[in-house]
Amino acid sequence: MLKYVGFCFENTNMREVVAFLLEHFADFQEFPQSDDLGEMLEEAGFEYESISQTLTCVHLLEELPETKSSLHADTPVLRIYHPEEIELLSAEIRGLLHFLENSRAINAQQREYIIHALIHLPYEQMTLENAKVLALLVLWAQRTELPTLIGDDLMSVLHGKGTMH
């Protein structure tokens with residue numbers, strides 16, 4: 001069952017926190033305990049609310065089921081969006097998800113997790129940028145390697161420009 005992670009983006013500093021985490025932890029599994037991570041984020045200057053949301057988001061991502069290679073089958077999975085999803089998720093977001101899945105950067109399970117989280121965001125925060133951040137978080141949590149160009153595009157949302165080499 002999918003968990004609710006959309007609230008992770010209610011605070012405008014979330015992208016900065018995600019950027020900090022990706023810069024300091026190459027592997028999601030290397031995180032210190034929640035208290036130590038909270039202390040580290042506080043020392044880095046993040047607000048209590050951002051830290052609390054980050055710790056909750058990290059906990060939910062830890063519960064995300066592991067990706068199975070069979071999910072990356074040769075046969076693509078057709079996703080038909082419900083009319084309400086079409087209304088909520090912009091064509092750019094749906095296009096990004098389609099591109100990531102067809103490029104085998106994400107699988108159907110990861111796509112559904114991202115959609116679920118996006119739909120639970122306040123409407124004004126259902127943006128292409130937040131979709132990219134969610135995709136990064138899911139891929140990072142599951143230690144998925146990305147083709148350089150795709151990773152570069154996703155990372156640009158955190159730093160304003162491509163950062164991968």
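Here Thr144 meets the list (1) at pLDDT 80 or above; (2) outside any helix (DSSP H, G or I) almost entirely, failing just condition (1). Of the residues that sit in the range 36-67 and are at pLDDT below 75 and assigned to a loop (DSSP other than H, G, I, E, B), which one is most open to solvent (accessible area, probe 1.4 Å)? Per the stated criteria, the residue is Glu66.
Counting only residues that are β-branched (Val, Ile, Thr) and either in a loop (DSSP other than H, G, I, E, B) or under 10 Å from the mean Cα position of the chain (by Cα) (or both), how many does the range 116-136 have? So that I can check it myself, show each step before the final result.
In the first step, residues of the range 116-136 are kept if they are β-branched (Val, Ile, Thr); the result is 119, 127, 133.
Those still in the list that are either in a loop (DSSP other than H, G, I, E, B) or under 10 Å from the mean Cα position of the chain (by Cα) (or both) too: 127, 133.
The total comes to 2.
Identify, from the list Gln29, Gln110, Gln125, Gln33, the residue that is surrounded by 12 or more Cβ atoms within 10 Å (Cβ to Cβ) and at pLDDT below 85. Give the derivation first.
Details: Gln29 fails: surrounded by 12 or more Cβ atoms within 10 Å (Cβ to Cβ); Gln110 fails: at pLDDT below 85; Gln33 fails: surrounded by 12 or more Cβ atoms within 10 Å (Cβ to Cβ).
Being surrounded by 12 or more Cβ atoms within 10 Å (Cβ to Cβ) and at pLDDT below 85 holds for just one of Gln29, Gln110, Gln125, Gln33, which is Gln125.
State the number of residues belonging to the range 80-94 that are farther than 22 Å from Gln142 by Cα and either small (Gly, Ala, Ser) or open to solvent by less than 50 Å² (accessible area, probe 1.4 Å) (or both).
To start, the set of residues in the range 80-94 that are farther than 22 Å from Gln142 by Cα comprises 80-92.
From the residues that got through so far, the ones that are either small (Gly, Ala, Ser) or open to solvent by less than 50 Å² (accessible area, probe 1.4 Å) (or both) too are 81, 85, 89-91.
Residues flagged as farther than 22 Å from Gln142 by Cα and either small (Gly, Ala, Ser) or open to solvent by less than 50 Å² (accessible area, probe 1.4 Å) (or both) within the range 80-94 amount to 5.
For the range 106-130, a residue qualifies if it is in contact (Cβ under 8 Å) with a residue 40 or more places away in the chain, of a type in the set (A, V, I, L, M) and within 21 Å of Glu62 (Cβ to Cβ), and the qualifying residues are Ala117, Leu118, Leu121.
The values are calculated or read from the model by the stated rules, or taken from the named source; none is laboratory data. None of the values given here were measured: they were computed from a predicted structure. Neighbour counts run over all protein chains shown; Cβ positions are idealised from the backbone, glycine included. Remember, those area values only see protein heavy atoms, side chains included, never the ligands or the DNA or RNA. Shrake-Rupley method; radii C 1.70, N 1.55, O 1.52, S 1.80 Å.
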